[in-house]
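The values are calculated or read from the model by the stated rules, or taken from the named source; none is laboratory data. None of these values were measured; they are calculated from a predicted model. Cβ sites come from the backbone with ideal geometry, for glycine too, and all protein chains shown count toward neighbours. Please note that ligands, DNA and RNA were not included when accessible areas were found on the heavy atoms of the full protein model with its side chains. Shrake-Rupley method; radii C 1.70, N 1.55, O 1.52, S 1.80 Å.
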Amino acid sequence: QKSTVVITGASSGVGLYAAKALSKRGWYVVMACRDVEKAYNAAQSLNMPQDSYTIIPIDLASLGSVRYFVSTFREKGLSLDALLCNAAIYMPLIKEPLRSPEGFELTMATNHLGHFLLCNLMLDDLKKSSSPDPRLVILGTVTHNPDELGGKIPPRPDLGELEGFAAGFQDPITMADGKKFEPVKAYKDSKVCNVLTMRELHRRYHELTGITFSSLYPGCVAETPLFRNHYPLFQKLFPLFQKHITGGYVSQELAGERVADVIAAPEYKQSGAYWSWGNRQKKDRQSFVQKVSPQARDDEKAELLWDLSAKLVGLA
Ligand code: NDP
């Protein structure tokens, strides 16, 4: 029997190419997407064999939808061997915050809170996996880390003391630190939360369950639609800049293969790890475990974030 992986945001970019890579490696892929038709067309366009995947709708911004996804998944009688939390939004140009159905700021709701709930619910499914090596992987990014070149460009992420979480993250709260709305920082903050969640999952559950929890930075995948909400000129120049100036550019195909490795290859069975291939891409460069930012390795913050997030998503 095939191993099964759930991939959030598999309708484009890194998630789509990871779906393709894993289906080629013999996995059964559950594409967890908000737009079923778009996901179907995307899978078709990459010639993924019809019997290698299914699509189940999910809107990660909506806690109700996340719960509904999990019950639909279970009704299908599928087993879960790996979960890939990949979906994200990046809205650098908006002036006013958008809100999720439950009233949370939309970037944090989609990138962090929806995945936080999904991970907690699907831990039960992963525990039941018959695989000797179940895994849960969350996408990170270099921009979470001001210690790295790619993370030095302002605004820098700063969760503060999680004042925004403690205050409920509803209007008028828009940011993790309770300060003024800044959409680029909102994205970076949410990615710090992703890394903290991965590390706290590892601390709480790795020994107990044998599940491998990890994150990765696949490189700068400058051509994904992640940048669709940026200025058109930025979208044109960014891939060229990353290719020729910073050397950080990675194709969607290669990013998909890297993610598939972290999900499936034996070398990546290391819980708590954050994998990177470096900022400047070199041919055949090997991956290594990279130190995450001071905020993202703060164990007290991870625990506090866990408790406050659990309250916001209705688990506590
Ligand atoms: P894309 O925009 O191409 O893909 C994002 C995916 O998330 C899409 O499938 C999108 O669906 C989905 N999504 C967005 N909002 C929701 C929602 N509310 N519910 C369900 N699905 C949703 O971006 P990338 O492929 O570039 O990004 C994927 C991941 O990789 C992100 O976590 C990002 O932080 C990370 N990453 C990206 C890098 C890059 O350079 N591109 C670098 C480092 C990390 P839809 O198609 O319907 O919009």
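A 1.4 Å probe run over segment 212-314, with the rest of the protein chains in place, finds 50 Å² accessible per residue.
Which loop trypsin sites (Lys or Arg not before Pro) in segment 237-316, with loop taken from DSSP, have no more than 16 other Cβ atoms within 10 angstrom of their Cβ? Provide the component values of the computation, followed by the final result.
Working: sites: K243, R258, K269, R280, K282, K283, R285, K291, R297, K301, K311; in loops: K269, R280, K282, K283, R285, K291, R297.
Within segment 237-316, the qualifying trypsin sites (Lys or Arg not before Pro) (loop, at most 16 other Cβ atoms within 10 Å) are K269, R280, K282, K283, R285, K291, R297.
Going by a ≥ b ≥ c, the root eigenvalues of the Cα gyration tensor, does segment 163-247 fall in the rounded group (a/c under 1.5), the prolate group (a/b larger than b/c) or the oblate group? In terms of gyration-tensor shape, oblate. Using the Cα coordinates of the chain, the gyration tensor eigenvalues translate into equivalent-ellipsoid semi-axes of 26, 24, 20 Å, sorted from longest to shortest.
If the segment from S251 to D284 were pulled out straight at 0.36 nm per residue, it would be longer than the present Cα-Cα gap by 10.5 nm.
Roughly speaking, to the nearest percent, how much of the chain's 1.4 Å accessible area is carbon and sulfur?
Values: 7210 of 13670 Å².
After summing per-atom areas, the C and S share lands at 53 percent.
Once C-alpha pairs closer than 8 Å and six or more residues apart are averaged by separation and normalised to the residue number of the chain, the relative contact order reads 19 percent.
Relative contact order, whole percent, for segment 176-316 stands at 30, derived from Cα pairs under 8 Å and 6 or more residues apart. Spatially, segment 1-72 and segment 135-208 are offset by 25 Å when compared through their Cα centroids. Of all lysines in the structure, those lying under 25 Å Cα to Cα from K179, and not within fewer than 8 positions of it along the same chain, are K95, K152, K188, K191, K301, K311.
Converting phi to 3J(HN,Hα) with the Karplus coefficients 6.51, -1.76 and 1.60 and the offset θ = phi - 60°, segment 215-220 yields 10, 7, 10, x, x, 8 Hz in sequence order, with x at every glycine or proline. Residues whose amide H falls under 5 Å from that of L216, counting only those 5 or more places apart or on a different chain, are I138, G140, W275, with hydrogens built in the peptide plane.
Across segment 146-226, the mean sequence separation of Cα contacts (distance under 8 Å, 6 or more residues apart), normalised by length, yields a relative contact order of 19 percent.
The accessible-area ordering, largest first, of the residues E182, E96, E148, E300 stands as E300, E96, E182, E148, per a 1.4 angstrom probe. Which chymotrypsin sites (Phe, Trp or Tyr not before Pro) in segment 219-316 sit in a loop by DSSP (not H, G, I, E or B) and have at most 11 other Cβ atoms within 10 Å of their own Cβ? Answer in residue order: no site qualifies.
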